[in-house]
Amino acid sequence: MTRASLVVATALVGLSAGLFAAFSYAVMPGLRRTDDATFVQSMRAINAAILNPVFLLVFVGAGVAALAAAILGWHTDARPWLVAGVILYAVGAFVVTGAVNVPLNDALETGTGAAAQLRDAFEDRWVVFNHLRSVLTTAAFVCLLVGLSQL
């Protein structure tokens, strides 16, 4: 049961890390090349589209599965790696997203005024913190992979 739960956790954390990384190296650099109105319209559409059951399963499911794997693997040599994976994922995915990225998304969604002002208040900070959650969730993925190798 420990191995199966860790395989699921590793896959979900990897998918989540991959999503954040894709925004870092493809989506946001692509949107950086657009005009202000297109940028704001595109981010609003992306932020609405991402709120779906598949994203919920991957994003929340990764944290739940990683925690379950850490609990089930508590008495194994993999424990430090599993605990590190849970902490890195929790901070990278839940804390950074909840404290920075979601409030910026909400402000962009409800913001009024010129697209250039909305973009200026959003883009640079959102990108920096997306890079941070990309690094942290990728580190969580690596920790879970190492933990898996020790079972």
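The values are calculated or read from the model by the stated rules, or taken from the named source; none is laboratory data. The shown structure was predicted, so the numbers you read here are calculated from the model rather than taken from an experiment. Quick reminder, even Gly has a Cβ in these numbers, built from the backbone with ideal geometry, and neighbours come from all protein chains shown. All accessible areas refer to the heavy atoms of the entire protein, side chains included, with ligands and DNA or RNA removed. Shrake-Rupley method; radii C 1.70, N 1.55, O 1.52, S 1.80 Å.
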Exercise for the section: Considering only residues that are part of a helix (DSSP H, G or I) and free of Cβ contacts under 8 Å to residues at least 24 places away in the same chain, look in the range 68-78 and name the one that is surrounded by the fewest Cβ atoms within 10 Å (Cβ to Cβ). Expected result: I71
Completion exercise
N130 fails exactly one of (1) of a type outside the set (D, E); (2) on the phi > 0 side of the Ramachandran plot; (3) in contact (Cβ under 8 Å) with a residue 40 or more places away in the chain, namely (2)
Problem - So L151, is it outside any helix (DSSP H, G or I), open to solvent by 60 Å² or more (accessible area, probe 1.4 Å) and touching a residue at least 60 places away in the same chain (Cβ under 8 Å) - result: yes
Handout entry: Verdict on V100 being surrounded by fewer than 21 Cβ atoms within 10 Å (Cβ to Cβ) and either under 16 Å from the mean Cα position of the chain (by Cα) or free of Cβ contacts under 8 Å to residues at least 40 places away in the same chain (or both)
Key = yes
Practice task
Find all pairs meeting these conditions: Cβ atoms under 6 angstrom apart; at least six residues apart or on different chains; first residue within the range 105-119 and within 18 Å of A49 (Cβ to Cβ); second residue part of a helix (DSSP H, G or I) and open to solvent by 30 Å² or more (accessible area, probe 1.4 Å).
Solution key: E109/R44
Practice task
Output the residues belonging to the range 26-67 that are loosely packed, with under 12 Cβ neighbours inside 10 Å, part of a helix (DSSP H, G or I) and under 14 Å from the mean Cα position of the chain (by Cα).
Solution key: V54, L56
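Taking the range 113-136 as the region of interest, how many residues are within 12 Å of the chain's Cα centre (by Cα) and within 18 Å of A26 (Cβ to Cβ)?
Within the range 113-136, residues that are within 12 Å of the chain's Cα centre (by Cα) and within 18 Å of A26 (Cβ to Cβ) number 7.
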Practice task
Quick one: which residue in T138, T112 is in a loop (DSSP other than H, G, I, E, B), open to solvent by 50 Å² or more (accessible area, probe 1.4 Å) and at pLDDT 95 or above?
Solution key: T112
